[in-house]
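Here's the structure, in structure tokens; my notes come after.
The values are calculated or read from the model by the stated rules, or taken from the named source; none is laboratory data. Please read all numbers here as calculations on a predicted model, not as lab measurements. So basically every Cβ, Gly included, is an ideal-geometry build from the backbone, and we count neighbours across all protein chains shown. In case anyone asks, the SASA skips ligands and DNA or RNA and just uses the protein heavy atoms, side chains included. Shrake-Rupley method; radii C 1.70, N 1.55, O 1.52, S 1.80 Å.
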Amino acid sequence: MPWKINVDPLGSLALSALVAAVPIFYLFWALAYKRMKGHWAAISAVVIAMLISIVAYGMPVNLAVLSTFNGFIFGLWPVCWIVVTAVYIYNLSVETKQFEIIKNSLATITDDRRIQAVIIAFSFGAFLEGAAGFGTPVAISAAMLAGLGFNPIYACGICLIANTAPVAFGAIGIPIVVGAGVSGVDMMALSKMVGRQLPFFSVLVPFYMVVVMAGWKKAVEIWPVLLVSGGSFALTQYVVSNYIGPYLPDILSAIISIIATVIFVKIWHPKESWTFSHETCAEGKACLQYSFGQVFRAWAPFILLSIFVAAWGIKPVKAYLDQIATLKFPITGLDKAVIDHLDKPKAAVYAFNILSAAGTAILFAGILSIPVMGASLSTALKVAGRTLNQLKWPIVTIGTILGFAYLYNFSGMAITLGYAFASTGAVFPLFAAFLGWLGVFMTGSDTSSNALFGKLQEVTARQLGIDPVLTVATNSSGGVFGKMISPQSIAVATAATGYVGHEGDIFRFTLKHSIILTLIMGVLAMLQAYVFTWMIPQWEQAVQAAVQAAKPAQAAPSSDGLTYLVATFAVSVFIVILSRVIGKGVVK
């Protein structure tokens with residue numbers, strides 16, 4: 001017999017919300033105060049959440065266990081699959097000494113750690129977020145910064161802070177598509193509204209991350225670079241999101257930002273380069289020690305990675321690959337066994353998308369990178385084994401924290417917290433940002449947060465007489481700042497930098513910045529709701545029409561997907577051959 005969710009099991013919304021928040025408070029305590037290792041914090045938090053779901057919410061034991069299991073296997077695939085393949089490419093680059101060339105080539109642009117962080121963590125990370133999302137930008141960017149010599153805590157923390165402004169448009173705009181579909185808000189209107197919030201932060205984030213790294217004075221020293229990087233990104237993000245749509249803001253903004261920043265740094269550079277206190281003083285830009293061909297060959301694996309993840313983000317490609325190999329099976333005993341607060345049965349169907357997963361795209365890039373780097377088969381296999389061993393505990397952490405998120409969803413605890421936020425009345429736009437922040441903290445995904453709270457944001461806004469496009473957009477825009485404290489994201493960062501076991505240190509490093517930025521977003525939403533109402537786009541608020549508009553365009557025929565795939569592999573094979581031909585030479 002199906003079990004129905006009760007969002008107020010204790011007869012008092014405030015009391016029910018307080019009880020539902022206990023596992024989250026515990027996670028904060030375990031990570032920030034006790035500095036517990038990530039996997040133990042996640043496992044113990046799941047145990048506490050399971051006890052509350054069973055005792056306070058009356059959830060049957062089998063449903064609580066199956067909900068957690070459902071989330072855990074989603075954490076393994078596709079999330080951990082991305083992390084494993086991304087870290088593998090980096091590890092292989094280090095093993096074959098190709099990363100030494102990358103370090104030297106970056107040092108010829110600038111040896112200033114501040115500018116390196118902006119180019120890699122902010123601009124390049126935004127490109128990866130726009131193309132793939134789901135941990136890819138943090139995994140790659142953090143690994144690269146650590147390889148350049150950044151202290152692991154800064155390599156992790158800076159990448160987590162940088163991976164905020166692009167998140168709402170990540171993975172080819174999927175958070176906006178899902179938010180629109182769930183809430184009934186017009187997709188283009190939602191894209192416009194988010195594009196009238198996040199660009200302010202796109203300008204701010206490069207300044208903010210450098211202040212965190214080096215202090216206010218050192219950030220002011222390179223304000224022209226920060227303005228070019230953030231300003232070019234923000235302007236492109238606004239234009240694309242408001243006049244083209246939600247699919248390309250990150251990719252185009254990142255490309256423009258990278259080009260503009262690199263060109264500007266060639267023209268203008270601070271008088272003194274800044275390095276960390278544990279490093280020797282900077283001696284100016286390095287001389288390029290390798291030929292153009294060798295530099296191209298060293299960067300080729302990351303060029304291949306970018307090409308593949310971008311291709312996998314194209315809808316016809318995904319549709320074609322899903323047709324070939326996608327296994328879907330219901331979680332027996334859980335599928336439609338839970339009735340939600342809207343009296344609808346909750347589906348629990350696991351999709352094992354073997355080929356269309358972003359991690360598979362990265363795997364293809366990794367396989368083609370083996371000949372590019374000149375690695376033998378035995379070396380490639382040895383690095384693969386070492387990578388899996390390196391990531392064993394992060395895999396447990398990520399899977400467990402996704403189990404935690406699914407348990408919150410299926411038990412009703414997440415909705416209880418949502419209703420508590422929604423009861424704040426006229427100040428709801430402020431708390432709408434924190435509701436999105438909470439959703440991303442729990443799930444590690446802006447997409448999941450929008451799916452979880454999008455409808456609640458829309459309904460509450462209508463009840464309060466606020467345009468729902470503002471609150472739904474704020475759920476997504478505020479949610480991006482929960483990314484930097486999500487245990488899932490932190491586990492990815494520590495795995496990529498070899499800092500496993502120090503998740504609590506990273507959490508403490510990012511927590512206050514996460515709260516500060518979310519608060520600023522909430523204040524901006526309040527101003528847009530009551531003062532700068534002209535910033536809210538005009539749109540047709542007929543719900544049925546909006547739902548139709550929010551549906552993503554139909555995938556192109558399978559033949560189009562095959563054409564894109566053939567072109568992708570053709571270009572990639574050409575890059576492999578070219579890199580070997582022009583990149584001859586021994587790396588010292």
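Odds and ends about this structure:
- Among the residues making up the stretch 205-228, those that are under 19 Å from residue 258 (Cβ atoms) and of a type in the set (A, V, I, L, M) are 205, 209, 210, 222, 225, 226, 227, 228.
- Among the candidates 397, 360, 387, the residue that is among the hydroxyl-bearing types (Ser, Thr, Tyr) and at pLDDT below 85 is uniquely 397.
Matching residues to (1) touching a Gly at 6+ places or on another chain (Cβ under 7 Å); (2) modelled with pLDDT of 80 or more:
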position: 274; (1), (2): no, yes
position: 279; (1), (2): yes, no
position: 283; (1), (2): no, no
position: 296; (1), (2): yes, yes
position: 302; (1), (2): no, yes
position: 306; (1), (2): no, no
position: 309; (1), (2): no, no
position: 312; (1), (2): no, yes
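- Contacts under 8 angstrom Cβ, first residue in the stretch 65-83 being more than 16 Å from residue 49 (Cβ to Cβ), partner of a type in the set (S, T, N, Q) and modelled with pLDDT of 80 or more, 6 or more apart: 78/353; 81/360
- Among residues of the stretch 308-322, those that are assigned to a helix (DSSP H, G or I) and touching a helix residue (DSSP H, G or I) at 6+ places or on another chain (Cβ under 6 Å), counted: 9
- Looking across the stretch 430-458, the residues that are closer than 22 Å to residue 25 by Cα and among the hydroxyl-bearing types (Ser, Thr, Tyr) come down to 443, 445, 448, 449.
- Restricting attention to the stretch 541-588, the residues that are under 30 Å from residue 179 (Cβ atoms), modelled with pLDDT of 90 or more and open to solvent by 40 Å² or more (accessible area, probe 1.4 Å) total 1.
- The lone criterion from (1) open to solvent by less than 20 Å² (accessible area, probe 1.4 Å); (2) more than 25 Å from residue 386 (Cβ to Cβ); (3) touching a helix residue (DSSP H, G or I) at 6+ places or on another chain (Cβ under 7 Å) left unmet by residue 173 is number (3).
- Members of the stretch 355-377 that are over 21 Å from residue 137 (Cβ atoms) and not in a helix (DSSP H, G or I): 355, 374, 375, 376
- Residue that is part of a helix (DSSP H, G or I), over 26 Å from the mean Cα position of the chain (by Cα) and surrounded by 16 or more Cβ atoms within 10 Å (Cβ to Cβ), where the choices are 233, 264, 207: 264
- Within the stretch 40-59, residues that are surrounded by fewer than 21 Cβ atoms within 10 Å (Cβ to Cβ) sit with their Cβ atoms under 6 Å from residues that are in a loop (DSSP other than H, G, I, E, B), at 6+ positions apart or across chains, in these pairs: 56/9.
- Residue in the stretch 334-354 that is touching a Phe, Trp or Tyr at 6+ places or on another chain (Cβ under 7 Å), open to solvent by less than 50 Å² (accessible area, probe 1.4 Å) and in a loop (DSSP other than H, G, I, E, B) present: yes
- Sole exception among (1) modelled with pLDDT of 80 or more; (2) open to solvent by 30 Å² or more (accessible area, probe 1.4 Å); (3) of a type outside the set (Asp, Glu) for residue 441, by number: (2)
- Checking each residue in the stretch 461-471 for being open to solvent by less than 10 Å² (accessible area, probe 1.4 Å) and touching a Gly at 6+ places or on another chain (Cβ under 9 Å) picks out only 468.
One line per residue, one yes/no per condition, for (1) hydroxyl-bearing (Ser, Thr, Tyr); (2) open to solvent by less than 10 Å² (accessible area, probe 1.4 Å); (3) modelled with pLDDT under 80:
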site	(1), (2), (3)
419	yes, no, no
434	no, no, no
446	no, yes, no
455	no, no, yes
459	no, no, yes
473	no, yes, no
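- Among the residues of the stretch 144-167, just one is buried (at least 24 other Cβ atoms within 10 Å of the Cβ), assigned to a helix (DSSP H, G or I) and modelled with pLDDT under 85, namely 144.
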